[in-house]
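The values are calculated or read from the model by the stated rules, or taken from the named source; none is laboratory data. It should be emphasised that the depicted structure is a prediction, and the values quoted were computed from it without experimental measurement. With ideal geometry, Cβ positions are generated from the backbone for all residues, glycine too; neighbour counts draw on all protein chains shown. Surface areas here come from the heavy atoms of the whole protein model, side chains and all, with no ligands, DNA or RNA. Shrake-Rupley method; radii C 1.70, N 1.55, O 1.52, S 1.80 Å.
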Amino acid sequence: MTQDLDRSRDRSRDRRTAGGLLGGAAACVVLAAGTGSTAPVWLTAGMLAGALMVYRRTVSPRPYAYWPAWATGAVLALLLAWAGPGPFRVLLLPWAGVEAAVALVLALLWYRRRNGRGDWVVWHVEERLLLRREWSMRDAIRWAELYGKPCEISPLDEFPELADEVPLYPDRERPLREVRPVTEQD
(Lines give C-alpha, C1' and ligand atoms only; values in the text may rest on other atoms or scores of the structure.)
Protein backbone atom coordinates (compact mmCIF):
# COMPACT_ATOMS: atom_id res chain seq x y z
CA MET A 1 0.00 0.00 0.00
CA THR A 2 2.78 2.45 0.88
CA GLN A 3 4.62 1.57 -2.36
CA ASP A 4 1.54 2.55 -4.37
CA LEU A 5 1.33 5.83 -2.47
CA ASP A 6 5.04 6.50 -3.09
CA ARG A 7 4.61 5.75 -6.82
CA SER A 8 1.66 8.13 -6.94
CA ARG A 9 3.71 10.89 -5.28
CA ASP A 10 6.62 10.26 -7.65
CA ARG A 11 4.32 10.46 -10.68
CA SER A 12 2.76 13.66 -9.40
CA ARG A 13 6.18 15.21 -8.82
CA ASP A 14 7.40 14.09 -12.25
CA ARG A 15 4.33 15.57 -13.94
CA ARG A 16 4.88 18.90 -12.18
CA THR A 17 8.53 18.83 -13.26
CA ALA A 18 7.57 18.09 -16.86
CA GLY A 19 5.00 20.90 -16.76
CA GLY A 20 7.61 23.32 -15.41
CA LEU A 21 10.07 22.38 -18.16
CA LEU A 22 7.33 22.77 -20.76
CA GLY A 23 6.42 26.20 -19.38
CA GLY A 24 10.08 27.24 -19.43
CA ALA A 25 10.37 26.05 -23.03
CA ALA A 26 7.33 28.14 -24.01
CA ALA A 27 8.85 31.19 -22.32
CA CYS A 28 12.10 30.65 -24.21
CA VAL A 29 10.25 30.45 -27.54
CA VAL A 30 8.50 33.74 -26.79
CA LEU A 31 11.86 35.26 -25.83
CA ALA A 32 13.49 34.00 -29.03
CA ALA A 33 10.64 35.30 -31.18
CA GLY A 34 10.72 38.68 -29.44
CA THR A 35 14.48 39.20 -29.58
CA GLY A 36 15.35 37.42 -32.82
CA SER A 37 18.14 35.55 -31.05
CA THR A 38 18.61 31.81 -31.59
CA ALA A 39 20.20 31.13 -28.20
CA PRO A 40 16.84 30.64 -26.43
CA VAL A 41 15.82 28.19 -29.16
CA TRP A 42 18.68 25.85 -28.19
CA LEU A 43 17.66 26.14 -24.56
CA THR A 44 14.06 25.36 -25.57
CA ALA A 45 15.17 22.21 -27.38
CA GLY A 46 16.93 20.97 -24.25
CA MET A 47 13.94 21.76 -22.04
CA LEU A 48 11.55 19.95 -24.37
CA ALA A 49 13.76 16.87 -24.46
CA GLY A 50 14.00 16.92 -20.65
CA ALA A 51 10.25 17.39 -20.25
CA LEU A 52 9.62 14.40 -22.50
CA MET A 53 12.02 12.20 -20.53
CA VAL A 54 10.41 13.11 -17.22
CA TYR A 55 6.87 12.81 -18.59
CA ARG A 56 7.54 9.33 -20.01
CA ARG A 57 8.23 8.09 -16.47
CA THR A 58 4.63 8.92 -15.52
CA VAL A 59 2.85 7.17 -18.39
CA SER A 60 1.89 3.52 -18.18
CA PRO A 61 3.27 1.59 -21.15
CA ARG A 62 -0.06 1.17 -22.95
CA PRO A 63 -0.15 0.54 -26.69
CA TYR A 64 0.65 3.66 -28.75
CA ALA A 65 1.44 5.70 -25.61
CA TYR A 66 4.69 6.88 -27.19
CA TRP A 67 2.97 9.35 -29.53
CA PRO A 68 4.13 12.36 -27.42
CA ALA A 69 7.72 11.42 -28.25
CA TRP A 70 7.00 11.71 -31.97
CA ALA A 71 5.17 15.01 -31.47
CA THR A 72 8.09 16.36 -29.45
CA GLY A 73 10.47 15.20 -32.17
CA ALA A 74 8.49 17.18 -34.75
CA VAL A 75 8.61 20.30 -32.57
CA LEU A 76 12.34 19.83 -31.96
CA ALA A 77 12.98 19.49 -35.70
CA LEU A 78 11.08 22.74 -36.32
CA LEU A 79 13.00 24.51 -33.56
CA LEU A 80 16.35 23.30 -34.89
CA ALA A 81 15.34 24.36 -38.41
CA TRP A 82 14.56 27.81 -37.02
CA ALA A 83 17.92 28.12 -35.27
CA GLY A 84 20.10 26.17 -37.70
CA PRO A 85 21.86 27.24 -40.91
CA GLY A 86 20.07 27.26 -44.30
CA PRO A 87 21.12 23.86 -45.71
CA PHE A 88 20.21 22.28 -42.38
CA ARG A 89 16.60 23.50 -42.78
CA VAL A 90 16.15 21.67 -46.07
CA LEU A 91 16.51 18.37 -44.21
CA LEU A 92 14.71 19.27 -41.00
CA LEU A 93 11.46 20.69 -42.39
CA PRO A 94 10.41 17.50 -44.25
CA TRP A 95 11.58 15.43 -41.28
CA ALA A 96 9.34 17.51 -38.98
CA GLY A 97 6.41 16.84 -41.31
CA VAL A 98 7.02 13.09 -41.26
CA GLU A 99 7.31 13.05 -37.47
CA ALA A 100 4.13 15.11 -37.11
CA ALA A 101 2.24 12.70 -39.39
CA VAL A 102 3.48 9.67 -37.40
CA ALA A 103 2.54 11.43 -34.14
CA LEU A 104 -0.96 12.12 -35.45
CA VAL A 105 -1.52 8.51 -36.53
CA LEU A 106 -0.21 7.16 -33.20
CA ALA A 107 -2.32 9.66 -31.23
CA LEU A 108 -5.45 8.55 -33.08
CA LEU A 109 -4.62 4.88 -32.46
CA TRP A 110 -3.91 5.65 -28.79
CA TYR A 111 -7.22 7.50 -28.49
CA ARG A 112 -9.03 4.51 -29.98
CA ARG A 113 -7.37 2.13 -27.49
CA ARG A 114 -7.69 4.28 -24.34
CA ASN A 115 -9.90 3.15 -21.47
CA GLY A 116 -9.09 -0.46 -22.24
CA ARG A 117 -10.73 -0.84 -25.62
CA GLY A 118 -8.88 -3.59 -27.46
CA ASP A 119 -7.64 -5.25 -24.26
CA TRP A 120 -7.83 -8.99 -23.67
CA VAL A 121 -9.19 -10.69 -20.55
CA VAL A 122 -8.36 -14.02 -18.95
CA TRP A 123 -11.29 -15.30 -16.92
CA HIS A 124 -13.24 -18.27 -15.54
CA VAL A 125 -16.43 -18.72 -17.54
CA GLU A 126 -18.41 -20.66 -14.94
CA GLU A 127 -17.60 -18.33 -12.07
CA ARG A 128 -17.57 -15.14 -14.18
CA LEU A 129 -14.35 -14.28 -12.35
CA LEU A 130 -11.90 -11.92 -14.04
CA LEU A 131 -8.37 -13.22 -13.51
CA ARG A 132 -6.22 -10.90 -15.59
CA ARG A 133 -6.43 -8.06 -18.09
CA GLU A 134 -3.71 -7.74 -20.74
CA TRP A 135 -3.01 -5.33 -23.59
CA SER A 136 -2.45 -7.96 -26.26
CA MET A 137 -3.64 -11.47 -27.03
CA ARG A 138 -0.05 -12.72 -26.89
CA ASP A 139 0.38 -11.39 -23.33
CA ALA A 140 -2.95 -12.94 -22.30
CA ILE A 141 -1.89 -16.34 -23.67
CA ARG A 142 1.48 -16.11 -21.88
CA TRP A 143 -0.20 -15.28 -18.59
CA ALA A 144 -2.76 -18.11 -19.00
CA GLU A 145 0.12 -20.56 -19.57
CA LEU A 146 1.87 -19.21 -16.48
CA TYR A 147 -1.38 -19.54 -14.48
CA GLY A 148 -1.59 -23.23 -15.42
CA LYS A 149 -5.29 -23.76 -14.69
CA PRO A 150 -8.16 -23.91 -17.20
CA CYS A 151 -9.39 -20.46 -18.16
CA GLU A 152 -10.74 -18.54 -21.14
CA ILE A 153 -9.12 -15.75 -23.15
CA SER A 154 -11.44 -13.25 -24.82
CA PRO A 155 -11.39 -9.72 -26.18
CA LEU A 156 -12.71 -7.29 -23.59
CA ASP A 157 -14.92 -5.68 -26.23
CA GLU A 158 -17.02 -8.89 -26.35
CA PHE A 159 -17.68 -8.75 -22.59
CA PRO A 160 -18.09 -5.08 -21.62
CA GLU A 161 -19.46 -6.06 -18.20
CA LEU A 162 -15.93 -7.17 -17.25
CA ALA A 163 -14.47 -3.73 -18.03
CA ASP A 164 -15.23 -2.26 -14.58
CA GLU A 165 -14.18 -5.32 -12.59
CA VAL A 166 -10.84 -5.45 -10.80
CA PRO A 167 -8.85 -8.52 -11.88
CA LEU A 168 -7.86 -11.08 -9.28
CA TYR A 169 -4.22 -10.79 -10.50
CA PRO A 170 -3.76 -7.10 -11.42
CA ASP A 171 -0.07 -6.54 -10.63
CA ARG A 172 2.20 -6.46 -13.71
CA GLU A 173 5.40 -6.64 -11.66
CA ARG A 174 4.20 -9.73 -9.77
CA PRO A 175 1.91 -11.55 -12.22
CA LEU A 176 0.79 -14.39 -9.91
CA ARG A 177 0.16 -12.27 -6.80
CA GLU A 178 -3.53 -12.58 -6.02
CA VAL A 179 -5.38 -9.51 -4.77
CA ARG A 180 -8.72 -10.28 -3.20
CA PRO A 181 -11.32 -7.52 -3.48
CA VAL A 182 -12.24 -5.74 -0.26
CA THR A 183 -15.65 -6.83 1.00
CA GLU A 184 -18.01 -5.13 3.42
CA GLN A 185 -17.04 -7.59 6.17
CA ASP A 186 -13.36 -6.50 6.03
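Annotations
- About its Cα centre, the chain has a charge dipole of approximately 880 debye under the convention of +1 per Lys or Arg Cβ and -1 per Asp or Glu Cβ, with nothing else charged.
- When nucleic acids and ligands are ignored and a 1.4 Å probe is applied, Glu178 ends up with an accessible area of around 80 Å².
- Most fluctuating residue given options Gly19, Gly34, Gly50, as computed from a GNM of the chain linking Cα atoms under 10 Å: Gly34
- Per residue, the accessible area of segment 19-73 comes to 52 Å², computed with a 1.4 Å probe over protein heavy atoms only.
- Rounded to the nearest 500, the 222 nm mean residue ellipticity of the chain from helices alone is -20000 deg cm²/dmol, with -39,500 (n - 2.57) taken per DSSP H run of at least 4 residues.
- Prolate/oblate/rounded call for segment 1-84, Cα gyration tensor, a/c under 1.5 rounded: oblate
- Theoretical FRET efficiency, 1/(1+(r/R0)^6), r = Cβ-Cβ of Arg13 and Leu176, R0 30 Å, to 0.05: 0.45
- When a 1.4 Å probe is rolled over the protein heavy atoms, the share of accessible surface on the chain that falls to carbon and sulfur comes to 61 percent.
- Unit charges at the beta carbon, dipole of segment 1-141: most positive-side option, Leu106, Thr17, Pro40: Thr17
- Membrane-span-like helices in the chain (whole DSSP H runs, Cα extent of at least 20 Å along the helix axis, mean Kyte-Doolittle hydropathy of at least -0.5): 2-35, 39-56, 67-83, 86-113.
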